[in-house]
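Trainee: Sharing a structure, written as structure tokens. Questions coming.
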Amino acid sequence: MTLSLRIVAALALGCFLVPVLVIETRGQEKPAEPAWKALFDGKTLTGWKSTPFVGEGKVSIKEGAIRMEKGKKLTGVTYARADFPKTDYEVEIEARKIEGGDFFATTTFPVADQFASFVVGGWGGTLVGLSSINGSDASENGMSKNITFEEGKWYKLRVKVGKVRLQCFVDQEKIIDLDTTDLRLNLRFEMFPARPFGIATYDTIGEVRAIKVRGLADREKKELAQPIKEGN
């Protein structure tokens, strides 16, 4: 084959390959992450209701946050719409303690057809854990940790719920990574009014803001559909 014919053949082959390469590149684009949905508009309690605890304190909006005053014991807000997910989701809030010596943002949430509460600052102000696992409270089930929370400081709290695992975080620290297979998750009876999703304080003034939820990405669904292997 002469040099000129070789050049023509190479150019023709290049023109044939370019569309294929473009198609392959497009096929490898990273899938979009699920979008966050805001549950609180920062201005009103639209979509929320004061949780009907016994002797609950006042709930109001103050400087872009939901403020829960001290009641006889519990004060809280419950999401009032019917669109909160049951599994394969992540919920995030920002919360801070204003005054008091107990939990300031305990979050009750669904796990498929069960419910649990992520306790933040309970039992004297420092305990963080999950209530309840097989009937045992956060202070009893061995999944808790003690954290000192500063008054007035905002903390980011996250809960991720998958098919067989749930995870809870304070800021970037993973507090809970629980394999829920064959476990019974339930609530203390006082927290029943917070279902399906609610945030509560106990003898404490607390504030929450930036409440949002999203579906899990496929990679997260896959991770949280795998039981925790023994020894991990």
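Trainee: By what distance, in whole Å, do the Cα atoms of the range 37-223 stretch along each of the three principal axes, largest value first?
Mentor: Result for the range 37-223: principal-axis Cα extents of 40, 33, 29 Å.
Trainee: Along Cα→Cβ, 7 Å out, is where each label goes; now give me the distance between the ones at ALA112 and ALA82 in nm to one decimal.
Mentor: Inter-label distance under the simple model: 2.4 nm.
Trainee: At R0 = 30 Å, how high is the FRET efficiency between GLU63 and ARG195 if r is their beta carbon distance? Nearest 0.05 is fine.
Mentor: It comes to 0.60.
Trainee: Principal axis extents for the range 100-150, Cα atoms only, whole Å, descending order, please.
Mentor: Cα extents, longest axis first: 34, 19, 12 Å.
Trainee: Taking the beta-carbon count within 10 Å as an exposure proxy, list PHE118, PHE84, PHE192 from fewest neighbours to most.
Mentor: Result, fewest neighbours first: PHE192, PHE84, PHE118.
Trainee: Using a Förster distance of 45 Å, how high is the FRET efficiency between ALA32 and LYS72, based on the Cβ-Cβ distance and rounded to 0.05?
Mentor: 0.45
Trainee: Further, regarding this structure: Between ILE228 and ASP179, with labels modelled 7 Å along Cα→Cβ, what's the label distance in nm to one decimal, could you check?
Mentor: Rounded to a tenth, the inter-label distance reads 0.9 nm.
Trainee: For the pairs LYS73/LYS163; LYS145/LYS221; LYS43/LYS163; LYS37/LYS97, flag any whose C-alpha to C-alpha distance is greater than 28 Å.
Mentor: Violating the 28 Å Cα-Cα cut-off are LYS73/LYS163; LYS43/LYS163.
Trainee: I'd like the distance between the alpha-carbon centres of the range 128-158 and the range 65-90, rounded to an integer number of Å.
Mentor: Between the Cα centre of the range 128-158 and that of the range 65-90, the gap is 17 Å.
Trainee: Place the peptides 121-130, 52-61 in order of packing, highest mean first, counting for every residue the other Cβ atoms within 10 Å and averaging per peptide.
Mentor: 121-130, 52-61
Trainee: Moving on to the next point. Over the C-alpha atoms of the range 43-118, what are the Rg and the largest Cα-to-Cα span, Dmax, in Å?
Mentor: Every Cα atom of the range 43-118 included, Rg and Dmax give 13.1, 36 Å.
Trainee: Sort 167-173, 148-154, 72-78 by packing, meaning the average of other beta carbons within 10 Å per residue, with the highest value first.
Mentor: 72-78, 167-173, 148-154
Trainee: How much space per residue, in cubic angstrom, does the convex hull of the C-alpha atoms of the range 41-84 take up?
Mentor: 65 Å³
Trainee: While we're here: Pairing the Cα long axis of helix 3-27 with the longest principal axis of the chain, what angle in degrees results, from 0 to 90 and rounded to the nearest 10?
Mentor: Helix 3-27 sits roughly 10 degrees off the main axis of the chain.
Trainee: Efficiency by 1/(1 + (r/R0)^6): what FRET value for ASN146 and ARG188, r their Cβ-Cβ distance, R0 = 25 Å, to the nearest 0.05?
Mentor: Result of the calculation: an efficiency of 0.80.
Any read-out appearing in this document is the output of simple, stated calculations on the displayed coordinates, not a laboratory observation. Predicted model only: the values in this text are computed from it and were never measured. Note: ideal-geometry Cβ built from the backbone for every residue, glycine included; neighbour counts use all protein chains shown.
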